[in-house]
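The values are calculated or read from the model by the stated rules, or taken from the named source; none is laboratory data. This is a predicted model, so every value here is computed, not measured. For neighbour counting, all protein chains shown are included, and Cβ atoms are generated from backbone atoms with ideal geometry for every residue, glycine included. Accessible surface is based on the protein model in full, side chains and every heavy atom, while ligands, DNA and RNA are left aside. Shrake-Rupley method; radii C 1.70, N 1.55, O 1.52, S 1.80 Å.
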Amino acid sequence: MKRCRIVLAVLFPALVAVVPSHAKEIRIGLITPLSGDVKTFGESVRNSFLIAVEEANARGGVAGMKITYSIQDDKNDATEAANVANLLVNQQRVKAIVGSVTSKATIPVSDIIQAAKVPTISPTATNPKVTVADGKRKDYMFRACFIDPFQGAVMAKFSRETLKGKSAAVLFDASNDYSKGIAEVFRDAFRKQGGKVAAFESYGKDDVDFSALLTKVKASGADVLFLPDYYNKVGLIAKQVQEKGLKVLLVGPDGWDSPDLVKIAGSAIEGGYFSNHYSPDDLRPEVVAWVKKYREKHGQVPDALGTLAYDATNLLLEAIRKAGSDDPKKIREALASIKDFKAVSGKSTLDGNGDSIKSAAILKIEGGKQKFVKMVNP
């Protein structure tokens, strides 16, 4: 037996050094939608999470511990998200979690992990209720992204000042906290900027025919149409806007960010603008290296959700390193103390609510591709 171990050490010295058989392990979870209506988001998040974990383990783990993980599919469903959060917390006993992706899935997750006191960071859930509910801070919940009020206000200002929009229409999913929350922020901010909100209409999660709503938009005379929803629904609406011959500028938030948006909408989304968390055209060394790394591994440019997942996972791993422990309480305290973390999506500081303070990128769909327009600071 001793001779066998010696031979292995000679043949695979790096493997033995990096992950010795007796190494202590820390188990973390990932919650992401790998099926359902936004599965491309979930796939990007999973891919990027795995890159971050693999890189850390290749460096010898974190705080002397090998990282192991459990990946759970929430199907972008609130009930399923709660189920898998309970699985990770109560059965698999993970020490920390990355996830989930959308706000409607992350809000129930945040309540479960708060009760269990398991530190969790969402890469991309932007609704304020993720970290604060009824004025009370969920102190075990964090996020790597900016929040809805910020991007709603950013797009209202951009629509008024840069696009010179005078009148806006807003269509949103009333059942989706993300969609409804940004819609309300945009409406209020656009009015404060001196613009008119000529139509503010809601639809249901499963709606696919928007003719009646678009007839109202056309009658309103709006020159800007704000669509705060995910790429699949935005693509359908954009096509129907084109079919009706509406002459409006389409604008929206980060939910637009998917290669499938143009596949669904085609030329109907051409000229649309949306806020995002980063641009792959950014020439900062962190961005250039990340885009190269992801493209070599997955054959495509990483979207903002994947990029934020890479950042969120690295933020969590940095907290574990700072804590020097697998104790969830110590990890939470270390995560709360992080300032000016050098992430791909920009320098990030976690504020008192666990929210990330950072800049937003404005992107334009041009020639079927995303074109960087400008950065907007908080």
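Okay, here's what the table says:
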item: Considering only the chain, percent of DSSP beta bridges that pair antiparallel, nearest 5; result: 35
item: At least 24 Å along the helix axis (C-alpha) and Kyte average at least -0.5, DSSP helices within the chain; result: 39-58, 304-323
item: Rounded Å value of the spacing that divides the Cα centres of the range 224-286 and the range 97-157; result: 23
item: Lys, Arg +1 and Asp, Glu -1 on Cβ, resulting dipole of the range 127-257 about Cα centre, debye, nearest 20; result: 500
item: Probe 1.4 Å - accessible area at Asp37, Å² to nearest ten; result: 70
item: Taking the range 245-312 and dividing mean pair separation by its residue count, relative contact order in percent (alpha carbons under 8 Å, at least six apart); result: 30
item: Where trypsin sites (Lys or Arg not before Pro) fall in DSSP loop in the range 170-235, at most 16 other Cβ within 10 Å; result: Lys205
item: Compactness of the range 318-378 as Cα Rg over 2.2 N^0.38 Å, two decimals; result: 1.54
item: Entries in Lys196/Lys244; Lys39/Lys364; Lys75/Lys192; Lys129/Lys371; Lys180/Lys216 that, when Cα-Cα distance is taken, lie over 26 Å; result: Lys75/Lys192; Lys129/Lys371
item: Sparse-neighbour loop sites [trypsin sites (Lys or Arg not before Pro); the range 286-378; at most 15 other C-beta within 10 Å; DSSP]; result: Lys339
item: Sum of side-chain charges, Ala189 neighbourhood, beta-carbon under 11 Å (Lys, Arg +1; Asp, Glu -1); result: +3
item: Per-residue [θ]222 nm for the chain (sum of -39500 (n - 2.57) over DSSP H runs n ≥ 4, rounded to 500); result: -13500 deg cm²/dmol
item: Cut-off under 5 Å, modelled amide H: who pairs with Ser167 long-range; result: Lys196, Asp223, Val224
item: Relative contact order computed over the range 100-160 (Cα-Cα under 8 Å; 6+ residues apart), in percent; result: 33
item: Anchor Lys24: lysines whose Cα lies under 25 Å away (excluding residues fewer than 8 positions away in-chain); result: Lys2, Lys66, Lys95, Lys117, Lys322, Lys329, Lys330
item: The range 86-178 shape via C-alpha gyration tensor axes, a/c threshold 1.5; result: prolate
item: Karplus 3J(HN,Hα) series, Hz, for the range 127-132 with 6.51 cos²θ - 1.76 cosθ + 1.60 (x for Gly, Pro); result: 5, x, 5, 5, 10, 9
item: Selected from Thr120, Ala174, Thr68, residue furthest toward positive end of dipole (the chain; charges at beta carbon); result: Thr68
item: Value of relative contact order over the range 265-378, rounded to a whole percent, pairs C-alpha under 8 Å and six or more apart; result: 31
item: Around Asp351: net Lys/Arg minus Asp/Glu count, Cβ-Cβ under 11 Å; result: +3
item: Radius of gyration and Dmax over the Cα atoms of the chain, both given in Å; result: 21.7, 83
item: Prolate/oblate/rounded call for the range 30-122, Cα gyration tensor, a/c under 1.5 rounded; result: oblate
